[in-house]
Amino acid sequence: MSRVELLRERLIDKIFNISNEEFLTALDSLITATKNDLVLVDFNETQLEMIAKSKADIEAGRTITNEEMKKESAQWLKDQNPSK
């Protein structure tokens, strides 16, 4: 069972045990509003090219962790202003 399926199942169990009508109404409104807020994005040619390059980088293993990126960014900032 996927993580999404497990999460969905847990939420259904929790919702099933809620008897507070106001809470359920608010939850229903939240879910309905979220569903209606989904917007499809039309990417331009440049954006599509960047997405394709990013996918190629991932497939080729050219990735770093978020922590590594933070360290690199901090070092880059430090190099830009060596007096601090």
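The values are calculated or read from the model by the stated rules, or taken from the named source; none is laboratory data. Values in this document were obtained by computation on a predicted structure and should not be read as measured data. When we count neighbours, we look across all protein chains shown, and the Cβ atoms used for this are built from the backbone with ideal geometry, even at glycine.
Quick notes
- Residue match in segment 12-28 (condition: surrounded by 10 or more Cβ atoms within 10 Å (Cβ to Cβ), within 22 Å of the chain's Cα centre (by Cα) and not hydrophobic (A, V, I, L, M, F, W, C)): no
- Scanning segment 33-60 for residues that are assigned to a loop (DSSP other than H, G, I, E, B), at pLDDT below 95, of a type outside the set (Val, Ile, Thr) and surrounded by fewer than 10 Cβ atoms within 10 Å (Cβ to Cβ) yields Asp37, Leu38, Leu40, Asp42, Asn44.
- Being out of contact with any Phe, Trp or Tyr (no Cβ under 8 Å at 6 or more places or on another chain), part of a loop (DSSP other than H, G, I, E, B) and of a type in the set (Val, Ile, Thr) is a condition met by at least one residue of segment 8-19.
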